[in-house]
C-alpha cells in the first residue's frame, strides 16, 4: 500500500459515525414507526377503513402525501445537469434493465413457487410484488448508502417508463404463459393500466418535477453554493419525517390484517427476505464485475432489489379485493422490505471499502445521509 493510501486509511472515519443523529438511528425509528402503525391498525377500530377511504383516482391521499414529502428533499439534491454522464454509461443502463426486468421478476417467480406451491393467492401476490420495480423509497436507501444520486434518478426514470409498458405484459407472462409451459397452475389477472400510470405520475413524476424546478430556480437565484450548503440542509430532515409518516400510515392501514395472520405473514416473509438480500448482493457484485464504481454499483443494487409496493398493493386490491391473499402478500412486502433494505444500507457501507479499494466514490469522509 502506498504512503498516501496508508495515511488515508489511518485517517478514515467510519461513515456511520459521520451520519446525522436521525440517520444513524434510522433502524430504531423505522421499527418504532412500524410498531406504532401496527398497534394503531390493530387497536383503533375503523382506522384502516377511514384511512383507505381517502382516495383520489385510486391513489391513497395520506400515503401519497407521505411519499411526496419523503422524496422531494432527496430529488432536490440531484444535480440534473450531471445526468448526461449517466445516460451515456451503457454498462450501467443495460445491467440495470437486465436485473430489474429479467432477473428480478424471474427470481421472485421461482421463490414464489418454491416456498408457496400450496398457497396460490399468496404466490400470485408475491409475483405481483416482484413485477413492480421500485420508483420511490429507493432514493432514501441510495442516499443513505452514498450511492450516485444522478444514477439513481436516471435508473428510476427508466424503470418508470418500462413499468408503464412492461408490467401488464410480464404479469400475463409470469401468471399464465410460463406456468403453462412448465405444467403449473395458471392465474387469470386483469392489470389496471390506470393504476400503473397513476403510480408513476404521482409517486415519481410530481416529486421529480418539484426537485428539478427547485434546483433550477434555486441555483439561478442564489447559486449552487448557497443551494447545497444552506437550502438543502434545511429541507433534508423532511425526507426522514416523510418516510416515518408513510411507514406509520401503511402499517396502520394494514395492521389488523398483518397481526391477525402471523403464520401467513411468516410464510410470505421467508421468500421476500431471501429475494431482497440475494438480489442486492448479486446486483452489487455484478455491477463491480462490469467495472462500475461503488456509487453507481450501489444505485444499481438498490434499484434492482427494491420494489414499488404502492403499485403492487394497488394492483392486488384492485384485481383480487382488499381481503384477498394477494393483497396480504402485497402488504407484507414493505413489512419485510423496509427493515431489510435499511440493514442493506449498512451492509453497503461496510462492504464498500473492502470490495472497491482505491475507489474515490467509496464513502469515507463524504457527506452522508438524507438529512444532511
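The values are calculated or read from the model by the stated rules, or taken from the named source; none is laboratory data. Keep in mind the model is a prediction, meaning the values are calculated, not measured. Neighbour counts are summed over all protein chains in view; Cβ atoms, including those assigned to glycine, are modelled from backbone coordinates with ideal geometry.
Looking only at the stretch 44-64, count how many residues are assigned to a helix (DSSP H, G or I), touching a residue at least 24 places away in the same chain (Cβ under 8 Å) and under 23 Å from the mean Cα position of the chain (by Cα).
Matching residues across the stretch 44-64 total 5.
Of everything in the stretch 258-269, what is in contact with a helix residue (DSSP H, G or I) (Cβ under 9 Å, 6 or more places away or on another chain) and exposed (fewer than 15 other Cβ atoms within 10 Å of the Cβ)? Give them in sequence order.
Answer for the stretch 258-269, where residues must be in contact with a helix residue (DSSP H, G or I) (Cβ under 9 Å, 6 or more places away or on another chain) and exposed (fewer than 15 other Cβ atoms within 10 Å of the Cβ): just 260.
May I ask you to verify whether residue 68 is modelled with pLDDT under 75, surrounded by 17 or more Cβ atoms within 10 Å (Cβ to Cβ) and not in a loop (DSSP other than H, G, I, E, B)?
no
Of the residues in the stretch 160-187, how many are under 18 Å from the mean Cα position of the chain (by Cα) and closer than 17 Å to residue 107 by Cα?
Residues flagged as under 18 Å from the mean Cα position of the chain (by Cα) and closer than 17 Å to residue 107 by Cα within the stretch 160-187 amount to 1.
Kindly list, by first and then second residue, each pair from a residue in the stretch 19-38 that is under 19 Å from residue 333 (Cβ atoms) to a residue that is at pLDDT below 85 and part of a loop (DSSP other than H, G, I, E, B), limited to pairs with Cβ atoms under 9 Å and residues at least 6 apart or on different chains.
Short answer, once both residue conditions are applied: none.
Take the conditions touching a helix residue (DSSP H, G or I) at 6+ places or on another chain (Cβ under 8 Å), part of a helix (DSSP H, G or I) and surrounded by fewer than 22 Cβ atoms within 10 Å (Cβ to Cβ) and apply them to residue 113. Does it pass?
So residue 113 fits the description; yes.
Where in the stretch 147-204 are there helices (runs of 4 or more DSSP H), lying wholly inside it, with at least 3 residues that are under 23 Å from residue 97 (Cβ atoms)?
149-172, 193-200
Tell me, please, whether a residue that is under 30 Å from residue 324 (Cβ atoms) and in contact with a strand residue (DSSP E or B) (Cβ under 7 Å, 6 or more places away or on another chain) can be found in the stretch 136-159.
Taking every residue of the stretch 136-159 in turn, at least one turns out to be under 30 Å from residue 324 (Cβ atoms) and in contact with a strand residue (DSSP E or B) (Cβ under 7 Å, 6 or more places away or on another chain).
How many residues does the stretch 213-245 hold that are closer than 30 Å to residue 36 by Cα and assigned to a helix (DSSP H, G or I)?
Result for the stretch 213-245: 13.
Can we say residue 115 is modelled with pLDDT of 90 or more, on the phi < 0 side of the Ramachandran plot and more than 22 Å from the chain's Cα centre (by Cα)?
Considered against the rule, which asks whether it is modelled with pLDDT of 90 or more, on the phi < 0 side of the Ramachandran plot and more than 22 Å from the chain's Cα centre (by Cα), residue 115 comes out as yes.
Does residue 282 count as surrounded by fewer than 18 Cβ atoms within 10 Å (Cβ to Cβ), in a helix (DSSP H, G or I) and touching a residue at least 12 places away in the same chain (Cβ under 8 Å)?
So residue 282 passes the test.
Of the residues 153, 157, which single one is farther than 21 Å from residue 108 by Cβ, surrounded by fewer than 24 Cβ atoms within 10 Å (Cβ to Cβ) and in contact with a helix residue (DSSP H, G or I) (Cβ under 9 Å, 6 or more places away or on another chain)?
One residue alone meets the criteria, 157.
Are any of the residues in the stretch 97-105 assigned to a helix (DSSP H, G or I), buried (at least 18 other Cβ atoms within 10 Å of the Cβ) and at pLDDT below 90?
Taking every residue of the stretch 97-105 in turn, none turns out to be assigned to a helix (DSSP H, G or I), buried (at least 18 other Cβ atoms within 10 Å of the Cβ) and at pLDDT below 90.
Pairs needed: first member in the stretch 172-200, without any contact (Cβ under 8 Å) to a residue 12 or more places away in the chain; second member anywhere, in a helix (DSSP H, G or I) and surrounded by 20 or more Cβ atoms within 10 Å (Cβ to Cβ); C-beta distance under 8 Å; at least 6 residues apart or different chains.
Close Cβ pairs satisfying both conditions: 186/175.
So residue 154 ticks every box in (1) under 17 Å from residue 313 (Cβ atoms); (2) within 15 Å of the chain's Cα centre (by Cα) but one. Which box is left unticked?
The single condition residue 154 does not satisfy is (1).
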